[in-house]
Amino acid sequence: MVTGGGKGGEPRLRAALLAVPRTLRDDLWTAAADPLPRMRGPRLLARLPHVVISVLVYATAVLNTDYLTHLYGLGIGLALLLSLCQSLALFAAMFRPIPAWWVSTAAMVVAARAAGSGFPGSEGFPWTEPGLLAQAATVFLLALRVRPRVAAEALGLHVLAGLCCLTFLGPGHHENLTQAVPLLIIATVLGAALRGRRVARTQLVAQEELTAEERARRTLLEERNRIARELHDVVAHHMSVISIQAQVAPHLVADPTDELKENLAGIRANAVDALTELRRVLGVLRSEDPSGEGVRHAPQPTLGRLDELIANVTSAGLTVTTETTGEPHTLSPGAELSAFRIVQEALSNAMRHAPGATVRVQLGYGSDGLTLRVSNTAADGPAPPSPGSGHGLLGMRERAAMLGGELAAGRTPDGGYEVTALLPAPARTPADAGEDTP
């Protein structure tokens, strides 16, 4: 049993080992651009990392050239070239971290190889002190952009390259492995931690945006459901009126003909069928209404109840003035309901967000539409925090759009707020108005 398990594990182990080179190639053999993220804040602060790295590049280039020349015994040309490779790799790590890491590691190996037996052995090997600082910064910038696994792979290969230099190129030299490896690990861990923090913050912001969008969408759907319920009540009422009028009409005519009775009966039957179908399709929305039974089945408000609404908000401490222009006339039930709800929501917003303000409600009747304007002055003091979802404007816009109208809302120059709605609502004829009553 144990032997079989061991034999079964060997292919998996072999497959895992064979997959390592492919994984390393996929992770580290790339020249993809990955610019250093800009810091938030003023422009000068956002450029601060680039300034610090540029200063570090210059300092390590000068110091490393001197180190390689006098302590490693390299010629000035080769020392300058290798120093520039390591320092400029640090600068390139701000834009292409993985290629920069390859250049920095290769420069370290070439410097150790070039030092050879002529290296005095009294200084650190194979990492020079300035070169180690540049390489730690390069690894830090790499870990700041790539996944932790890739950063760990790069760190492991870099340390492995240093071990190879110690084993094959620097016997008897004063190795600084114990100083270099902890510094490189700290740089990698710090970069990975900062990257994780940045990724988490980015995901949190994205989640907050998705939550806000979902909340807005849900509020919009709830308002649409509310509009559908109210329209259901309005249409159901008028279909009931048509049915009753068709039933009563034959009794209002002396000796009605059979054709008249038949037509009126057909009208009533169609009205009843339409009412049944309407209740079947839209009536289910009533069950989702959290309001009480009495509220759900109460008559839908119209502009005729506007004085009652204004009296209620006035008693709550809001100062409201009204102005009506044009010849008031009866509108369609949908327009009446939408106009009332828009004014109601605008007054509620004024009470919630502008305490102590004066509100002006203007109604402009035209031959083909109604203009609503609700404006308030600036608040007398700070508004209390609102427990609501803050999507009342969505509902108002939905109501205006449902009628083919427009709604605009925004701040006024004096610090107040104004809501303006244009509702296509032609005046109803006396015959249309008579259909509202049985």
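Counting only protein heavy atoms and a 1.4 Å probe, the range 171-231 has 65 square angstrom of accessible area per residue. The distance from the alpha carbon centre of the range 41-85 to that of the range 131-204 is 18 Å, rounded to a whole number. From most to least packed by mean Cβ count within 10 Å, the peptides 25-38, 213-226 give 213-226, 25-38.
Across every pair of different alpha-carbon atoms, what Kirkwood hydrodynamic radius in Å does the range 217-269 reach?
Working: mean 1/r = 0.0755 Å⁻¹.
After inverting the pairwise mean of 1/r, the radius is 13.2 Å.
Taken about its Cα centre, the range 58-214 carries a charge dipole of about 180 debye when Lys and Arg each add +1 at the Cβ and Asp and Glu each add -1 at the Cβ. When each of the peptides 312-322, 126-136, 342-352, 262-272 is scored by the mean number of other C-beta atoms lying within 10 Å of its residues, the order from highest to lowest reads 126-136, 342-352, 262-272, 312-322.
Students often get this wrong: which residues of the range 9-53 have the backbone nitrogen under 15 Å from the point 7 angstrom along Cα-to-C-beta of Thr202? Flagged as within label range: 33-40.
As a rough guide to protection, the peptides 10-17, 193-200 ranked by mean Cβ packing within 10 Å, highest first, stand as 193-200, 10-17.
Along the range 51-59 the Karplus relation, 6.51 cos²θ - 1.76 cosθ + 1.60 evaluated at θ = phi - 60°, assigns HN-Hα couplings of 5, 4, 5, 5, 5, 5, 4, 5, 5 Hz to successive residues, with x for each Gly and Pro. With both labels modelled 7 Å from their Cα along Cα-to-Cβ, the Thr211 to Asp258 distance reads 7.3 nm.
The values are calculated or read from the model by the stated rules, or taken from the named source; none is laboratory data. Treat the numbers as computed from the prediction; the structure is a model and nothing was measured. Backbone-built Cβ (ideal geometry, glycine too); neighbour counts: all protein chains shown. Just so you know, the surface numbers come from the protein's heavy atoms only, side chains and all, with ligands and any DNA or RNA stripped out. Shrake-Rupley method; radii C 1.70, N 1.55, O 1.52, S 1.80 Å.
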